Amino acid sequence: ARIRYYKWDVKYEYKSPDCYKKLAITINGGTPGPTILAQQGDTVIVEVKNNLMLENLAIHWHGIRQIGTPGMDGTEGVTQCPILPGDTFKYEFKVDRPGTYLYHAHYGMQREAGLYGSIRVSLPDGETEPFAYDYDRSIILNDWYHKSTYEQATGLNSLPFVWVGEPQSLLIQGRGKFNCSSAPSAPGVCNASNPECSPYVMIVIPGKTYRLRVASLTALSALSFQIEGHNMTVVEADGHYVEPFVVKNLFIYSGETYSVLIKADQDPSRNYWMTTNVVGRLPNTTAGLAILNYYPNHLRRSPPTTPPAGPIWNDTAPRLAQSQAIKARQGFISTPPATSDRTIVFLNTQNLVNGYTRWAVNKVSFTLPHTPYLVAEKYHLRHVFNQSSPPNGYDFQNYDIYSANKTNATLNDAIYRLQFNSTVDIILQNANSMTNNTSETHPWHLHGHDFWVLGYGTGKFDIYNDPRNYNLVNPIMKNTVPVHRYGWTALRFKADNPGVWLFHCHIESHFHMGMGVVFEEGIEKVGNLPSSILGCGESKGLGKP
Ligand code: C2O
Ligand code: CU
């Protein structure tokens, strides 16, 4: 095992990823940032210098479980104090499994300002994947807003509420195309011929097979990803091998990663479109476009066709079907415990809290304390957040998931304490938002663990009958999972990673509006915390010898 050392300079710069110039957060001058390449068992060290000047920072390693290093999860308010402007922070953690992972800012809404990238962990020398391919490529899909994160966050926290709206463009590997003619006429702000916004090009050699690692870090959008004329065979999801299945379009939610195999077996005399389209919400954003270039055609030659249209945005059935099709690969199945010790039901609702629009689970809208939970728990600082237990479920009998929600929620920073090494089931129950006939898709992401995906269903979860249909034979393990419109998703995990872990909707604005919870497990087994994570709130002066 080796040490992979990275030195990052994080700052604001003017960028035009979709031809429209705005301030973006870059790492060493780029957005997306550099790809972290490592082998299973390696230690990754990233020395981050916060050169944002006026803003704090924290970076999360999405999909890396941080076993034994809970203080390196990079979640501001949960596992660390923010990195102050001018400060340098050293992240150090082990990558213990091969697969496709991500990193992104975890402070405020900085992720959507451009601070994100991929982590690719390969197998140790001499070991091979259970599928064959000639080349390995990665792309990150994203959506992009022209308003700053300050304007967006302020709108979300205001009365009257100002929603962020649909994104201005969709990016593929950091490149998109906003229609400059629809930009307010500010000279020099939108420039359609800026090379920064020329489409991403993936070059393929005819006849070869490509492993394409596709990840989504959208702020809001659920996407359909498609390569004109080419089928994709899904082989990996969130770092776990999938029993291969073929799709024409891949539905992907924020925080998910997939590997698909593509064979360059089409007419080699032309190029093809790679597209992303918004699904699940009425789209108001043009498709994201990239070019699949068949060597030796000219790189930028536009395909002779119009890009394929995306699927119907409000048809949930094919998305649910694709979620259900993802199973663990034969020979690589990790069998879940047959039963669980505890079941927690999370009803996802949109509510008012003192007139403000928020998201809540079990009518509790999450807020972060000023002292990170990990520090508060380790040092028994019981007064820094609410010590009561948040609700384990909701009133099934009386809650109608199909009508517009009229109930209020409350703000709370209490956490769920899980018994160390116990098996926990989580049922994520979706419902109608505060608007009639609207139920949104929420991708939930768990820090510090992978979970088994036991099942998906539509309607209200039936606690007596639905568990009988759980897949306990070959469930996929993931770290991010969608909860479909008016549906439910059931997960199981072992609370075996000492620390404090965030579980939240990966939609940036939803988490900002309170859609998350925190789990604590085995805090007494957490060793000394690195002093670098201390310093804010009540953690001042702690950890000094
Ligand atoms: Cu990728 Cu808590 O996030
Ligand atoms: Cu959400």
Gyration tensor over alpha-carbon atoms, the range 342-539, equivalent ellipsoid semi-axes in Å: 28, 22, 13
Point-charge dipole on Cβ atoms (K/R +1, D/E -1) for the range 342-539, about Cα centre, debye to 20: 140 debye
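Quick one: what do you get for the range 287-421 if you divide its Cα Rg by 2.2 N^0.38 Å?
Normalised Rg, Cα atoms only: 1.66.
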Fewest to most Cβ atoms within 10 Å: 501, 61, 313 sort as 313, 61, 501
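Could you work out the helix-only [θ] at 222 nm for the chain, with each DSSP H run of four or more residues adding -39,500 (n - 2.57) and the total divided by the number of residues, to the nearest 500 deg cm²/dmol? Let's see the in-between values first.
Values: 4 runs with 28 residues, N = 545.
Rounded to the nearest 500, the figure is -1500 deg cm²/dmol.
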Using 7 Å Cα-to-Cβ label points, what is the residue 380/residue 317 separation (nm, one decimal)? 5.9 nm
Part-to-part distance (alpha-carbon centres) for the range 367-441 and the range 180-218, which is given in Å: 39 Å
For 93, 493, 420, ascending order of other Cβ atoms within 10 Å (fewest first) is 420, 93, 493
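Using only C-alpha positions, report the orientation-averaged shadow area of the convex hull of the range 432-545, nm², one decimal.
Numbers: hull surface 40.0 nm².
In nm², the orientation-averaged hull projection of the range 432-545 is 10.0.
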Filtered trypsin sites (Lys or Arg not before Pro), the range 313-383: DSSP coil and at most 14 other beta carbons within 10 Å: 382
Taking every Cα atom in the range 138-242, find the radius of gyration and the maximum pairwise distance Dmax, and write them in Å. 17.6, 58
Distance in nm between residue 298 and residue 166 label points, each 7 Å along Cα→Cβ, equals 3.3 nm
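In the range 159-195, which chymotrypsin sites (Phe, Trp or Tyr not before Pro) are in a loop and have at most 13 other Cβ atoms within 10 Å, using DSSP for the loop call? Don't skip to the answer; put the middle values down first.
Values: sites: 161, 163, 178; in loops: 161, 163, 178.
Answer by residue number: 163.
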Label zone at residue 201 (point 7 Å along Cα-to-Cβ), backbone N below 16 Å, the range 295-332: 295-304
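Evaluate the Kirkwood expression for the hydrodynamic radius of the range 337-395, namely the inverse of the mean inverse distance over all pairs of different C-alpha atoms, and round to one decimal in Å. Don't skip to the end; give the middle numbers.
Values: mean 1/r = 0.0721 Å⁻¹.
It is 13.9 Å.
Can you tell me the alpha carbon radius of gyration of the chain divided by the globular rule-of-thumb value 2.2 N^0.38 Å? Working shown, then result.
Values: Rg = 22.4 Å, N = 545, 2.2 N^0.38 = 24.1 Å.
That works out to 0.93 for the chain.
Average projected area of the Cα convex hull of the range 3-325, in nm²? Present the calculation step by step, with values, prior to reporting the outcome.
Details: hull surface 70.6 nm².
Average of the hull's projected areas for the range 3-325 equals 17.6 nm².
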Checking the range 1-34 for trypsin sites (Lys or Arg not before Pro) in a loop per DSSP with at most 11 other beta-carbon atoms within 10 Å yields 2
On a full-extension model of 0.36 nm per residue, what is the gain between residue 324 and residue 410, subtracting their alpha-carbon distance, rounded to one decimal in nm? 27.6 nm
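Quick one, can you get me the convex hull of the C-alpha atoms of the range 46-174 expressed as volume per residue in Å³?
Working: hull volume 19.1 nm³, N = 129.
Taking the convex hull of the Cα positions in the range 46-174, it is 148 Å³ per residue.
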Pseudo-spin-label distance residue 473 to residue 434, built 7 Å along Cα→Cβ, given in nm, is 4.5 nm
Computed about the Cα centre, the charge dipole of the chain from +1 Lys/Arg and -1 Asp/Glu charges at the Cβ has a magnitude in debye, to the nearest 20, of 540 debye
Which entries of 406/460; 147/406; 494/540; 327/363; 94/248 show an alpha-carbon separation above 28 angstrom in the structure shown? 147/406; 494/540; 327/363; 94/248
Which Cα, out of 414, 44, 26, lies furthest along the positive dipole direction of the chain (beta carbon charges, K/R +1, D/E -1)? 26
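Quick note: the coordinates plus some simple rules give every number you see, no bench work behind them. These numbers were taken from a predicted model, which means no experiment stands behind them. Note that we place each Cβ from the backbone using ideal geometry, even for glycine, and neighbour counts take in every protein chain shown.
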